[in-house]
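Each reported figure results from applying straightforward, stated rules to the coordinates on display, with no laboratory input. Bear in mind the structure is a predicted one, so any value in this text is a computation, not a measurement. Ideal geometry is used to build each Cβ from the backbone, glycine not excepted, and the neighbour counts take in all protein chains shown.
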Amino acid sequence: MSSTDESKTFIPLNIAVLTISDTRSLADDKSGATLADRLTAAGHKLAVREIVTDDVEAIRAVIRRWIADAGVDAVITTGGTGFTGRDVTPEAVEPLFEKRMDGFSIAFHMLSHAKIGASTIQSRATAGVAGATFIFCLPGSPGACRDGWDGILAAQLDYRTRPCNFVEIMPRLDEHLRRPKAKGASA
């Protein structure tokens with residue numbers, strides 16, 4: 001079981017929140033507001049918050065911009081993870097992953113199953129790493145955002161969480177890009 005090492009200093013992250021919806025505006029985006037409220041209450045900084053339509057290229061454009069932004073440590077999306085024709089978040093985001101985080105989906109479904117039972121199979125929650133940026137894709141309901149933040153992300157985005165957390169490995173996420181070529185290696 002994880003625990004919090006209070007002898008360590010909390011390290012605030014810059015977290016971007018993207019709501020994917022054809023019908024929401026910032027004024028009525030309860031899921032995005034839930035994430036923004038929870039991450040700032042935990043001590044992190046809301047780097048940016050946007051809404052984009054359920055369109056693969058529009059979603060990718062925002063995510064790519066945030067991956068390239070040194071001021072964004074992590075991205076959390078909400079919406080578009082279901083099975084309807086307009087639900088395209090995994091199709092938009094997963095091709096950007098350098099490494100997929102299969103355990104996130106498993107952990108999310110375990111939490112969700114405890115609350116909504118077998119209905120959890122209607123979510124394609126996913127996560128991965130791209131350009132040294134963590135990306136987490138949650139369903140579009142405020143309840144799913146609460147579950148994802150409270151049950152997984154709050155601890156994993158807290159440097160004090162033991163036995164391990166995402167913050168402590170952040171400096172090494174792009175080490176493969178900094179590694180010098182081996183002598184004699186071809187271009």
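Numerical summary
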| quantity | calculated |
| --- | --- |
| Criterion: buried (at least 19 other Cβ atoms within 10 Å of the Cβ) and touching a residue at least 40 places away in the same chain (Cβ under 8 Å) - qualifying residue of Phe108, Phe83 | Phe108 |
| Meets criteria (among the aliphatic types (A, V, I, L, M), touching a residue at least 40 places away in the same chain (Cβ under 8 Å), surrounded by fewer than 17 Cβ atoms within 10 Å (Cβ to Cβ) and at negative phi) for Ala74 | no |
| Residue in the range 5-34 that is nearest to Leu157 (Cα to Cα), counting only those that are assigned to a loop (DSSP other than H, G, I, E, B) and among the small types (Gly, Ala, Ser) | Ser7 |
| In the range 18-41, the residues that are crowded, with 17+ Cβ neighbours inside 10 Å and among the aliphatic types (A, V, I, L, M) | Leu18, Ile20, Ala33, Leu35, Ala36, Leu39 |
| Condition check for Ala42: under 16 Å from the mean Cα position of the chain (by Cα), at positive phi and touching a residue at least 40 places away in the same chain (Cβ under 8 Å) | no |
| Residue that is out of contact with any Ser or Thr (no Cβ under 9 Å at 6 or more places or on another chain), charged (D, E, K, R) and over 18 Å from Thr34 (Cβ atoms), where the choices are Arg100, Arg160, Arg172, Arg124 | Arg172 |
| Qualifying residue in the range 42-51 (condition: in contact with a strand residue (DSSP E or B) (Cβ under 8 Å, 6 or more places away or on another chain), surrounded by 20 or more Cβ atoms within 10 Å (Cβ to Cβ) and over 18 Å from Pro90 (Cα atoms)) | yes |
| Selection within the range 86-103 - buried (at least 19 other Cβ atoms within 10 Å of the Cβ) and either basic (Lys, Arg) or in contact with a helix residue (DSSP H, G or I) (Cβ under 7 Å, 6 or more places away or on another chain) (or both) | Val88, Thr89, Ala92, Val93 |
| Residue check, Ala127 within 17 Å of the chain's Cα centre (by Cα), of a type outside the set (Asp, Glu) and surrounded by 15 or more Cβ atoms within 10 Å (Cβ to Cβ) | yes |
| Condition broken by Ala92, with the remaining ones in (1) among the aliphatic types (A, V, I, L, M); (2) without any contact (Cβ under 8 Å) to a residue 24 or more places away in the chain; (3) more than 29 Å from Lys8 (Cβ to Cβ) satisfied | (2) |
